[in-house]
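Before any comments, here is the structure.
Here, each number is a calculation from the coordinates, and none is a lab measurement. If you're wondering where the values come from, they're calculated on a predicted model, not measured in any experiment. All Cβ positions, even for glycine, are placed from backbone atoms using ideal geometry, and neighbour counts span all protein chains on display.
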Amino acid sequence: MARRKLVVGNWKMHGIGSDLAEIRAIAEAAAANPGVDAGLCVPATLIERAVREVPGFPIGAQDVHFADKGAHTGCVCTAMLTDAGATMVIVGHSERREAQHESDEEVRQKAGAALDAGLLTILCVGESLAVRESGAAVETVVRQLGQSLPRDRDVSRLAIAYEPIWAIGTGKIPTTDDIAAMHSAIRHELLDAFGPAGESIRILYGGSVKASNAAEIFDVADVDGALVGGASLNAADFVPIIQAAALKG
Ligand code: PGA
């Protein structure tokens with residue numbers, strides 16, 4: 001099945017007002033590549049200004065609380081994100097699963113709340129280096145995904161990001177065979193969970209995606225785009241990745 005490629009930048013804890021010009025440059029380049037869906041997940045403090053700067057270009061958040069309001073100091077809920085103009089959110093990034101001790105169950109609730117709010121929801125999964133070296137990467141990620149997937153929901157706005165933890169920010173990437181095996185296993189799990197609707201869910205690869213390796217990664221079966229950290233911080237690095245996706249569209 002042909003799925004439109006989706007390339008999303010994850011700015012992590014980078015980005016203040018003086019970076020809006022970079023966001024504008026990225027959005028303009030994305031508009032010149034209409035065959036690919038692109039967007040940026042910026043710090044919460046920058047969402048509203050980014051949306052004003054580049055109306056129509058998808059701007060998202062990097063996390064959300066699952067509750068709709070309440071006594072949750074420091075957290076934001078889906079209504080706050082949509083009120084700020086966000087149209088996407090990342091949930092379950094490994095940096096949050098590790099540093100904030102987010103469980104699969106918490107990620108599942110976040111993903112459900114985000115889908116209910118109509119947000120394009122990018123649910124991240126991925127294995128540690130120890131798990132990869134033990135040979136249990138596929139079974140571990142499939143189990144993590146199964147426990148993190150929201151059930152009984154419209155999943156038309158769900159995307160999965162496979163991000164091996166050991167590939168994030170390290171310059172290392174799995175072999176294309178390993179990426180293919182993982183994405184195929186994820187696709188099977190999605191079909192199991194959602195039936196035919198699982199066929200249209202996009203599966204992104206993330207972890208050290210750069211202009212120099214993007215084309216090769218986008219050629220892998222069942223790779224429907226990328227979640228890009230470091231190389232999304234400026235247009236010079238990010239735009240060639242969007243262009244590589246457009247060429248494979
Ligand atoms: P990276 O990060 O592209 O800098 O490796 C990817 C991510 O964490 O989403």
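Per-structure values
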| quantity | calculated |
| --- | --- |
| The listed residue being touching a Ser or Thr at 6+ places or on another chain (Cβ under 7 Å) and over 23 Å from V223 (Cα atoms), out of V64, V91, V107, V54 | V64 |
| Enumeration of residues in segment 1-56 that are under 24 Å from A215 (Cβ atoms) and in a helix (DSSP H, G or I) | E22, A25, I26, A27, E28, A29, A30, A31 |
| Residue pairs meeting the criteria (Cβ under 9 Å; at least 6 apart or on separate chains; first within 19 Å of I173 (Cα to Cα), in segment 229-241; second hydroxyl-bearing (S, T, Y) and more than 10 Å from the ligand (Cβ to nearest atom)) | P240/S212 |
| Residue list for segment 230-249, filter: of a type in the set (S, T, N, Q) and within 16 Å of the ligand (Cβ to nearest atom) | S232, N234 |
| Every pair of residues 6+ apart whose Cβ atoms lie under 8 Å, when the first sits in segment 142-166 and is in contact (Cβ under 8 Å) with a residue 12 or more places away in the chain while the second is within 16 Å of the ligand (Cβ to nearest atom) and among the polar types (S, T, N, Q) | R157/T121; L158/T121; A159/T121; E163/S94; I165/S94; I165/S128; W166/S128 |
| Neighbours by Cβ (under 8 Å, 6+ apart or cross-chain): first from segment 200-227, under 12 Å from T176 (Cβ atoms) and aromatic (F, W, Y); second within 12 Å of the ligand (Cβ to nearest atom) and not in a strand (DSSP E or B) | Y205/E163; Y205/I217 |
| Evaluation of I217 against (1) touching a helix residue (DSSP H, G or I) at 6+ places or on another chain (Cβ under 6 Å); (2) under 27 Å from V42 (Cα atoms) (one fails), failing number | (1) |
| Elements of type helices (runs of 4 or more DSSP H) in segment 61-122, at least 1 residues being free of Cβ contacts under 8 Å to residues at least 60 places away in the same chain, within 16 Å of the ligand (Cβ to nearest atom) and surrounded by 17 or more Cβ atoms within 10 Å (Cβ to Cβ) | 94-99, 104-116 |
| Single residue of segment 1-29 satisfying the filter (of a type in the set (G, A, S) and farther than 18 Å from I90 by Cβ) that is nearest to the chain's Cα centre (by Cα) | A27 |
| Checking G229 against (1) surrounded by fewer than 20 Cβ atoms within 10 Å (Cβ to Cβ); (2) closer than 25 Å to A29 by Cα; (3) not β-branched (V, I, T), the condition it does not meet | (1) |
